[in-house]
Amino acid sequence: MTNCLPCSQGVLWLSVSIVVLSVFALVVDVYLNGNHMTGFSNGVRRLSFKIGQTKPSKMKFGGPHCKARCEVYPRTKDVKRFKVPDDKVPWKVPFPEYSPPSFTTETVLSGPYYADPDICSGKGEITKWNEIDGRVSRVSFEGKYEVVEGLPLNPVGRTGLKHRGCLGRWGPNHAADPIVTRWKRTDDDQIVKGEDGKPIMQFVSVQRRDNGEWAIPGGKVDAGEVVTDTVLREFGEEALSTKEISQEEKYKAVESMKQFFTKGIEVYEGYVDDPRNTDNAWMETTAYHFHDHDGTKVGQFNLHAGDDAMAVQWMDCNSAINLYASHKSFLQEAAKRIDASW
Ligand code: RP5
């Protein structure tokens with residue numbers, strides 16, 4: 001009996017130490033991962049990496065949106081938007097004759113894993129607007145959006161179409177865009193300069209399968225996913241086709257990518273002028289810039305188009321470039337950052 005007291009005290013101290021150490025580890029993890037949603041493991045959590053800068057960038061969406069007012073809705077032949085003139089885009093400008101049609105694709109209405117319930121037909125409800133709702137972020141980078149007659153309103157303004165179109169979420173649909181760049185070089189390794197005397201920046205561009213337009217290889221953030229994981233996963237899936245290689249090769253590719261991807265700088269966080277946007281559903285993204293100064297890191301990546309891409313290539317960047325959604329403005333910001341030709 002006399003030996004029991006020190007023994008139970010020892011066990012008690014050990015338990016307390018374990019609890020204290022666990023709490024410490026949790027605090028360190030949350031601190032290192034910033035204020036993004038963390039802690040959900042959907043199979044990609046282990047790919048998490050730290051990036052050079054986690055604070056929001058200064059660049060904001062300049063509006064009014066243009067591609068979000070395209071006449072015919074993407075992937076349809078006959079879904080036409082109500083025409084919205086430039087000056088009538090902001091909700092605060094009266095537009096009494098505004099009567100846009102409603103449209104949501106059958107795929108989205110069938111309730112795939114990435115979609116919200118069809119709250120318009122009374123199937124489920126959403127109460128956490130402008131908040132983190134379980135594993136889904138309904139928070140907009142553009143600030144607090146309005147909710148009118150139960151539906152969130154596009155923070156930039158009218159698009160000429162109501163409901164969700166082909167987007168799964170009501171309100172913001174979050175994405176992440178990896179801008180991977182290098183300097184253009186001649187065969188004998190000299191950096192090529194543009195007419196303005198500055199070095200020409202090239203970026204990894206994918207040709208989207210849905211409309212054939214060239215784009216940054218970005219993608220939507222899965223429910224509960226950390227945005228930095230999305231960047232790495234999407235680049236792997238779309239430009240390196242990591243789905244098609246063996247587990248061992250994939251591991252090696254991910255390890256070398258992780259090294260390179262730790263140097264990312266956030267160049268944009270906000271609304272995307274995406275042709276799929278509607279009055280009640282829109283794309284937002286976080287774009288990270290990864291520049292390979294001496295061309296030795298990304299050069300080893302074997303570019304190979306994945307499922308969602310028809311082709312992948314290193315594309316020269318300049319002011320004449322024509323890209324999907326508002327991707328050109330993200331590239332311009334990246335070019336500015338490293339004083340590249342534009
Ligand atoms: C754009 O759509 C984003 O900037 C991102 O590149 C892309 C994400 O959508 P999916 O490619 O997943 O369709 O708005």
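The values are calculated or read from the model by the stated rules, or taken from the named source; none is laboratory data. The shown structure was predicted, so the numbers you read here are calculated from the model rather than taken from an experiment. Every residue, glycine among them, receives a Cβ derived from its backbone with ideal geometry; neighbour counts consider all protein chains shown.
Being within 16 Å of the ligand (Cβ to nearest atom) and farther than 25 Å from SER341 by Cβ is the filter here; which residues of segment 281-323 pass it? Matches in segment 281-323: ALA281, TRP282, MET283, GLU284, THR286, ALA305, GLY306, ASP307, ASP308, ALA309, MET310. Scanning segment 214-237 for residues that are of a type in the set (D, E, K, R) and within 8 Å of the ligand (Cβ to nearest atom) gives LYS220, GLU234.
Taking the criterion of being in a loop (DSSP other than H, G, I, E, B), out of contact with any His (no Cβ under 9 Å at 6 or more places or on another chain) and under 12 Å from GLU238 (Cβ atoms), the residues of segment 195-219 that qualify are ARG209, PRO217.
Scanning for something surrounded by 22 or more Cβ atoms within 10 Å (Cβ to Cβ), away from the ligand (no atom under 13 Å from the Cβ) and modelled with pLDDT of 95 or more, does segment 192-201 turn up at least one residue? Scanning segment 192-201 turns up at least one residue that is surrounded by 22 or more Cβ atoms within 10 Å (Cβ to Cβ), away from the ligand (no atom under 13 Å from the Cβ) and modelled with pLDDT of 95 or more. Against the criterion of being within 15 Å of the ligand (Cβ to nearest atom), at positive phi and touching a Lys or Arg at 6+ places or on another chain (Cβ under 6 Å), GLY171 qualifies. Taking segment 259-321 as the region of interest, none of the strands (runs of 3 or more DSSP E) fully inside it holds 1 or more residues being in contact with a Cys (Cβ under 6 Å, 6 or more places away or on another chain) and surrounded by 19 or more Cβ atoms within 10 Å (Cβ to Cβ).
All conditions but one from (1) closer than 30 Å to PRO100 by Cα; (2) away from the ligand (no atom under 16 Å from the Cβ) apply to ILE265; the one that does not is (1). Evaluation of ASP210 against the conditions (1) farther than 24 Å from SER137 by Cα; (2) within 9 Å of the ligand (Cβ to nearest atom); (3) free of Cβ contacts under 8 Å to residues at least 60 places away in the same chain shows that the sole unmet condition is (3). With the requirement that a residue be of a type in the set (D, E, K, R) and farther than 23 Å from ARG135 by Cβ, what does segment 78-118 give you? Within segment 78-118, ASP78, LYS80, ARG81, LYS83, ASP86, ASP87, LYS88, LYS92, GLU97, GLU106 qualify.
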